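Supplied in structure tokens, the structure appears directly below.
The values are calculated or read from the model by the stated rules, or taken from the named source; none is laboratory data. Not measured: the values here are computed from a predicted model. Please note: Cβ atoms are built from the backbone with ideal geometry, for glycine as well, and neighbour counts cover all protein chains shown.
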Amino acid sequence: MIIEGKPATITQSIDNVYSFLTDFNNFEPLMPDQITNWESDKESCSFTIQGMADIKLTFDDKITNSLIKLVPVGKVPFSFALILNLSEAGTDTVVNVNVDAQLNPMMAMMAKRPLENLVNVMASNINDAIGR
């Protein structure tokens, strides 16, 4: 199941946005309020989703100024990838945040709304976070 977030237009160059998003230390302000116990370094992060699970993410793939793919490390409730697609729009950058989750139909019903919230909150917070 692929969940696509609303595209975010960032008033920064694609180089700046890519550089920002390839450092997990910049991700905490992008996360929804349900994320607690945040820890990060440049290459990975770990956090708790309140009432659900502890998750650790790392980079699986990085294509300069184009794609950033994050995947979980260790045991997780379901297999997923968080994918950030970057594209230029004049002097701005458009970021599409998507989740590709491997879910059975029952889990899909329960997880769809929280995953939609995740991708949309991340997209809406990127512009504010990168401007800091």
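Looking at region 83-122, which of its residues are in contact with a helix residue (DSSP H, G or I) (Cβ under 8 Å, 6 or more places away or on another chain), closer than 17 Å to residue 53 by Cβ and either free of Cβ contacts under 8 Å to residues at least 24 places away in the same chain or not small (Gly, Ala, Ser) (or both)?
Let us first name the residues in region 83-122 that are in contact with a helix residue (DSSP H, G or I) (Cβ under 8 Å, 6 or more places away or on another chain), namely 84, 86-88, 93, 95-99, 101, 103, 121-122.
Among the residues that remain, those that are also closer than 17 Å to residue 53 by Cβ are: 99, 101, 103.
Residues satisfying the conditions are 99, 103.
Are any of the residues in region 5-23 under 16 Å from residue 129 (Cα atoms) and free of Cβ contacts under 8 Å to residues at least 40 places away in the same chain?
Applying the first criterion (under 16 Å from residue 129 (Cα atoms)) to region 5-23 yields 7-23.
Filter once more, so that each one left must be free of Cβ contacts under 8 Å to residues at least 40 places away in the same chain: 19, 23.
So far as region 5-23 goes, yes, one or more of its residues are under 16 Å from residue 129 (Cα atoms) and free of Cβ contacts under 8 Å to residues at least 40 places away in the same chain.
Then there is this: Within region 29-45, restricting attention to residues that are surrounded by 13 or more Cβ atoms within 10 Å (Cβ to Cβ), modelled with pLDDT under 95 and in contact with a strand residue (DSSP E or B) (Cβ under 8 Å, 6 or more places away or on another chain), which residue is nearest to residue 67 (Cα to Cα)?
31
Do the conditions hold for residue 93, that is, is it of a type in the set (S, T, N, Q) and under 18 Å from residue 32 (Cβ atoms)?
Values: of a type in the set (S, T, N, Q): yes; under 18 Å from residue 32 (Cβ atoms): no.
No, not satisfied.
Hey, among 36, 58, which residue is outside any loop (DSSP other than H, G, I, E, B), under 22 Å from residue 130 (Cα atoms) and in contact with a Cys (Cβ under 9 Å, 6 or more places away or on another chain)?
Details: 36 fails: in contact with a Cys (Cβ under 9 Å, 6 or more places away or on another chain).
Residue meeting the stated conditions: 58.
Tally time: how many residues in region 92-113 are loosely packed, with under 15 Cβ neighbours inside 10 Å and in a helix (DSSP H, G or I)?
The total comes to 6.
Can you give me the number of residues within region 46-88 that are exposed (fewer than 13 other Cβ atoms within 10 Å of the Cβ), within 30 Å of residue 13 (Cβ to Cβ) and modelled with pLDDT under 95?
Result for region 46-88: 0.
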